[in-house]
Amino acid sequence: MSFLAFASPLAARRAFLGRSGLLLSGSAIALLAGRDVLAAKSGGSKASDVNILNTALAAELEAVAAYQVGAESGLLQKPVLALALQFQGHHKEHADLLAKTVQKLGGAPAAAKSKYAFPVEGLKAQADVLRFAAGLERGAVSAYLGAVPLFANRELAKAAASILGDEAMHWAILRNALGENPVPEAFVS
Amino acid sequence: MSFEGALLAAALAAGDPQAGEQLYARCQACHALAYDRVGPRHCGLLGRRAGAVPGFEYSHAMKRSKLVWNEQTLDRFLADPLKTVPGTTMTYAGVADAKERADLIAYLASATCDKR
């Protein structure tokens, strides 16, 4: 599903929102089911899994804050603002799940910073905000790709891969909104 | 210098900073050149002692690593962060390709703090 297939951006956005809502509901259910078996399957590498989850959690919390900066910038027009807020909502869901999982494994979840440093002086137009968000999402895809093979617990690897898929969709939509090829390559790295 | 060391030095010297800049997009989930994020800022990295950016909250493992970042230590760390510094919060499988590591290191060596 792509904006390219629709006559108008609004029609594309409506279709995207409807579809992604369905997809994410399915993922969330799968993740929750995975969580229930975590305690039983966790073994000697629990501490390293907690470490991986907490790094991901810290990045998700930063993404929530970054989208807030974008939303409050006054630079996003209405359809794009709604999309940004939806993506922020996904990051909140990721963060919430990661924090609960860390707790379930006996760790202390990473907390949001009281202040984040963002390059706000470079945000002068909607495209700047979209490019900034696209860069964060692209980095997130790589970060999850680099984390998935490290998990001792395969259920956690599966959950992280599910989040990776969501971040990749964000990245593609943001690229498309910028007029760039939404999926430039067959593989991500 | 050993034969292996000479080969590594030659490979690292051939790093392409422009290719490294493209690869650096992978790092931008957690890092920026000029400011601290989930990970510490990268400008001024070469020659810096690991765990030494003022005000950044490092893992105990990184603070105790006694590493000084140069082409060789960065190459080792980027290849396998968790093996090089067990307990680091850079929970990333690593950059397996030696040419990509060399390009990244060349970019990091050229990066200045005025780049955002």
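No lab work stands behind these numbers, since they all come straight from the coordinates. Keep in mind that this is a model prediction, so the values were computed, not measured. Here the Cβ is made from the backbone with ideal geometry for all residues, glycine too, and neighbour counts use every protein chain on show.
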- Query: Looking at this model, which pairs from A:115/B:63; A:46/B:83; A:46/A:115 are more than 27 angstrom apart at the alpha-carbon?
  - Reply: A:46/A:115
- Note on the structure: Fewest-first ordering of A:97, A:75, A:130 by Cβ atoms within 10 Å yields A:75, A:97, A:130
- Which of the cysteines in chain B are isolated, no other cysteine C-beta under 4.7 Å? B:27, B:30
- Note on the structure: Output field shielding_mean for A:45-54 (other chain Cβ, 10 Å radius) holds 2
- Among A:155, A:185, A:62, A:93, which comes first, second and so on when ranked by fewest other beta-carbon atoms within 10 Å? A:185, A:93, A:155, A:62
- Message: Could you list B:64, B:101 so that the one with the fewest beta carbons within 10 Å of its beta carbon is first and the one with the most is last?
- Response: B:64, B:101
